[in-house]
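Okay, so here's the structure we're looking at.
The values are calculated or read from the model by the stated rules, or taken from the named source; none is laboratory data. Bear in mind that the values here come from a model prediction, so they are computed numbers and not experimental data. Reconstructed Cβ throughout: ideal geometry from the backbone, glycine too, with neighbour counts over all protein chains shown. To get the accessible areas, we keep the full protein, side chains included, count just its heavy atoms, and leave off ligands, DNA and RNA. Shrake-Rupley method; radii C 1.70, N 1.55, O 1.52, S 1.80 Å.
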Amino acid sequence: DGGITQSPKYLFRKEGQNVTLSCEQNLNHDAMYWYRQDPGQGLRLIYYSQIVNDFQKGDIAEGYSVSREKKESFPLTVTSAQKNPTAFYLCASSRETTWENTEAFFGQGTRLTVV
Amino acid sequence: AQSVTQLDSHVSVSEGTPVLLRCNYSSSYSPSLFWYVQHPNKGLQLLLKYTSAATLVKGINGFEAEFKKSETSFHLTKPSAHMSDAAEYFCVVPRGYNKLIFGAGTRLAVHP
């Protein structure tokens, strides 16, 4: 079955640690995205990538880093510089075309908690 | 710049009664618009999409939405709520090729 797989489902981070969230897709999509979800705020874009070896900052990139070494993979690292990392993180992908001709497909999310 | 406003943070209905989730958009032109649904601790699933082909858009699970340019609205409706419809719903407008702007969400509760 085609889709997006995020792992782990739950992640606990100690203060000062970096953690990496995994996102893999087998939809053959060029574009991939990371969103952060906080209660009552909808989803906010962290980073996006339109093609392998290229990525762009979204609206809230500070304290996060990404890589795009393979088309199917777009891992997100939450660094110690992110002061409030507790949130639900969602990965998505889409075809690289106008939004009239595609949609964003989402993974099941990773819930990150700072302990 | 494009944006969306979901007018209700919470909506509560009884099973079998109609559902109305309200969304207003702000755009200098007629945009594409989406409704997504999210069940607890899950990812988002596309319910329906408006792309200017027809103002009344039918989606999955009996939902539909009507694009009204004069009112800058894209409200989501369903004639009869089911318990399985309890979830959070997001109205979404694209900004450029790679950004989706999400509303704050409306949490729908369905009571027996």
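What to note about this one:
- Picking from residues in region A:89-115 that are assigned to a strand (DSSP E or B) and of a type in the set (S, T, N, Q), the one that is farthest from residue A:79 (Cα to Cα) is A:94.
- Within region A:10-43, considering residues that are at pLDDT 95 or above and among the charged types (D, E, K, R), the one surrounded by the fewest Cβ atoms within 10 Å (Cβ to Cβ): A:24
- The numbered conditions (1) in a strand (DSSP E or B); (2) surrounded by fewer than 13 Cβ atoms within 10 Å (Cβ to Cβ) are all true for residue B:40 except (1).
- Residue in region B:61-83 that is within 14 Å of another protein chain (Cβ to nearest Cβ) and surrounded by fewer than 19 Cβ atoms within 10 Å (Cβ to Cβ) present: no
- Meets criteria (in contact with a His (Cβ under 8 Å, 6 or more places away or on another chain) and either assigned to a loop (DSSP other than H, G, I, E, B) or of a type in the set (Ser, Thr, Tyr) (or both)) for residue B:12: yes
- Scope region B:29-46; condition free of Cβ contacts under 8 Å to residues at least 40 places away in the same chain and more than 8 Å from every other protein chain (Cβ to nearest Cβ); matching residues: B:29, B:30
- Across region A:69-86, the qualifying residues are those that are out of contact with any Pro (no Cβ under 9 Å at 6 or more places or on another chain) and either among the hydrophobic types (A, V, I, L, M, F, W, C) or within 13 Å of chain B (Cβ to nearest Cβ) (or both), and the one among them that is most open to solvent (accessible area, probe 1.4 Å) is A:81.
- The C-beta contact set for region B:100-112 (first residue on the phi > 0 side of the Ramachandran plot, second residue assigned to a strand (DSSP E or B), distance under 6 angstrom, 6+ apart or interchain) comprises B:105/B:88; B:105/B:90.
- Qualifying residue in region A:34-43 (condition: charged (D, E, K, R), assigned to a strand (DSSP E or B) and within 23 Å of residue B:96 (Cβ to Cβ)): yes
- Selection over region B:66-90 of residues that are in contact (Cβ under 8 Å) with a residue 40 or more places away in the chain and within 13 Å of the chain's Cα centre (by Cα) gives a count of 11.
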